[in-house]
Amino acid sequence: MYVDLRIDQIMPNPDQPRKFFDEDAHRELTESIKVNGLLQPVVVRGVEGEEAPHMIVAGERRWRACKEAGLTVVPSRILEDIDEEKAFVLSISENVNRADMTIMEEAGAYADLVVLGWKPEAIAKTFGKTKTHIEWRLGLLTLRPEVAEWVNEGKIKPNLSWHIAQLSPGNQMVAATRYLRGDFDTEADAANFAQGLKMAEQQTSLVSEKEPTDEEKVKREKAKVKTTDKLGKVEEVVMPLLEELTKAKPEELADILGTDLGRYVRKIDRLASQVTLARRILRQANGIAEARKVAWDTAVAEVQEEKGAVKEVKADDGKAEEAKQPQVQVKPTGPKQPEEVKAAAKKAAAKPTQTAGARARATGNGSARNVPAQRRATKTAASKETKTAKKAETTAEK
């Protein structure tokens with residue numbers, strides 16, 4: 001049913017999946033409405049017990065522009081017999097393919113449908129997406145609020161953001177800050193680095209691994225020399241040949257090789273295919289190697305801090321025992337005093353860890369765009385490995 005409603009009879013949906021509205025686009029729409037009026041009506045549904053009798057299902061941006069343009073009446077389409085879930089689905093449907101709907105808003109909308117019992121397959125079918133697309137968007141909900149904000153702003157692309165989302169909170173900051181700092185030549189290199197960090201996280205221990213035997217060291221060194229020699233030949237032999245070939249003019253090669261050119265073209269194509277594969281493998285290996293170095297440095301720092309804390313506790317215990325002796329000789333203080341001093345020393349030694357945990361919990365309470373599902377997910381993500389997060393953030397800043 002189409003009617004004209006007073007603008008104060010309409011209220012926005014507080015659960016609207018889209019929270020960000022581009023200011024320039026909003027200004028342009030407002031000016032257009034001032035000149036031409038509203039050409040496409042807003043879609044609303046009747047509600048009870050709210051501040052207005054109608055709630056927007058689709059068209060909040062148009063409704064906002066109408067208010068800004070000074071309209072008092074808005075052309076509207078009222079949907080009848082529609083529940084909140086159906087209204088939410090229609091709202092997502094209107095916004096999900098808009099360029100100005102942020103990635104995290106889209107992810108939060110899908111997550112809210114999952115909470116209502118929707119499966120990724122059903123969501124994909126409803127909104128014309130693939131199941132993989134839905135699952136990758138849902139995977140972004142483990143991002144730290146800071147990283148989610150960078151994703152929303154377009155500073156980190158969707159593919160890379162998914163790889164970063166698989167990491168612990170601390171390593172998310174390592175990967176994201178290094179990417180934004182320009183440490184990687186390509187987005188793929190950053191993704192390889194994130195994958196390497198994930199592999200390092202899955203290892204049970206990095207610092208306590210057994211030292212390789214002399215025989216294993218010799219094997220590794222031989223393999224390194226052999227591989228380095230092969231890669232060196234590519235630069236010394238293959239590169240000069242290709243550079244010389246590229247200097248020749250096509251018509252000259254046609255005169256020299258004639259119909260044999262087809263055979264050589266196929267050989268070069270096979271070579272190009274192998275070069276592309278080798279390049280991808282080497283870049284992946286480089287990402288893993290860099291990630292292992294970061295993980296190793298973080299693990300070593302943690303061990304050193306733990307050793308320092310133990311030494312501090314022992315030193316404080318020793319001082320407490322020394323302080324106790326003259327007190328016992330002059331004025332008995334009872335057997336509980338050394339234990340109290342020891343407890344205080346242990347509490348002081350544990351203080352850095354408690355601070356890190358408190359900060360991580362505070363971070364987990366944030367939200368990138370006030371997306372309900374994002375708020376829930378960040379609380380879970382931030383509670384993991386808070387101590388490792390602190391060390392990893394320090395590494396990222398170096």
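The values are calculated or read from the model by the stated rules, or taken from the named source; none is laboratory data. Note that this is a predicted model, so its numbers are computed, not measured. Ideal geometry is used to build each Cβ from the backbone, glycine not excepted, and the neighbour counts take in all protein chains shown.
Across region 88-141, the number of residues qualifying as modelled with pLDDT under 85 and of a type in the set (Phe, Trp, Tyr) comes to 1. For region 266-302, filtered to residues that are small (Gly, Ala, Ser) and in contact (Cβ under 8 Å) with a residue 12 or more places away in the chain, the residue that is surrounded by the fewest Cβ atoms within 10 Å (Cβ to Cβ) is Ala289.
Looking at region 193-213, which of the residues that are over 14 Å from the mean Cα position of the chain (by Cα), not in a loop (DSSP other than H, G, I, E, B) and not small (Gly, Ala, Ser) is modelled with the highest pLDDT? Within region 193-213, the match that is modelled with the highest pLDDT is Met199.
So that you can scan it fast, the table gives a plain yes or no per residue for (1) assigned to a helix (DSSP H, G or I); (2) among the hydrophobic types (A, V, I, L, M, F, W, C); (3) under 22 Å from Asp185 (Cβ atoms):
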site	(1), (2), (3)
Glu221	yes, no, no
Asp229	yes, no, no
Val237	yes, yes, no
Pro240	yes, no, no
Glu251	yes, no, no
Thr259	yes, no, no
Arg263	yes, no, no
Leu277	yes, yes, yes
Arg283	yes, no, yes
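Matching residues to (1) small (Gly, Ala, Ser); (2) buried (at least 17 other Cβ atoms within 10 Å of the Cβ); (3) over 30 Å from Met104 (Cβ atoms); (4) out of contact with any strand residue (DSSP E or B) (no Cβ under 8 Å at 6 or more places or on another chain):
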{"site": "Arg27", "(1), (2), (3), (4)": "no, no, no, yes"}
{"site": "Ile33", "(1), (2), (3), (4)": "no, yes, no, yes"}
{"site": "Pro41", "(1), (2), (3), (4)": "no, yes, no, no"}
{"site": "Val44", "(1), (2), (3), (4)": "no, yes, no, no"}
{"site": "Ile56", "(1), (2), (3), (4)": "no, yes, no, no"}
{"site": "Gly59", "(1), (2), (3), (4)": "yes, yes, no, no"}
{"site": "Lys67", "(1), (2), (3), (4)": "no, no, no, yes"}
{"site": "Val74", "(1), (2), (3), (4)": "no, yes, no, no"}
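To keep it simple, each residue is scored yes or no on (1) out of contact with any Leu (no Cβ under 9 Å at 6 or more places or on another chain); (2) without any contact (Cβ under 8 Å) to a residue 40 or more places away in the chain; (3) surrounded by 19 or more Cβ atoms within 10 Å (Cβ to Cβ).
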| residue | (1), (2), (3) |
| --- | --- |
| Ala124 | yes, yes, no |
| Pro145 | yes, no, yes |
| Ala148 | no, no, yes |
| Val151 | no, no, yes |
| Asn159 | yes, yes, no |
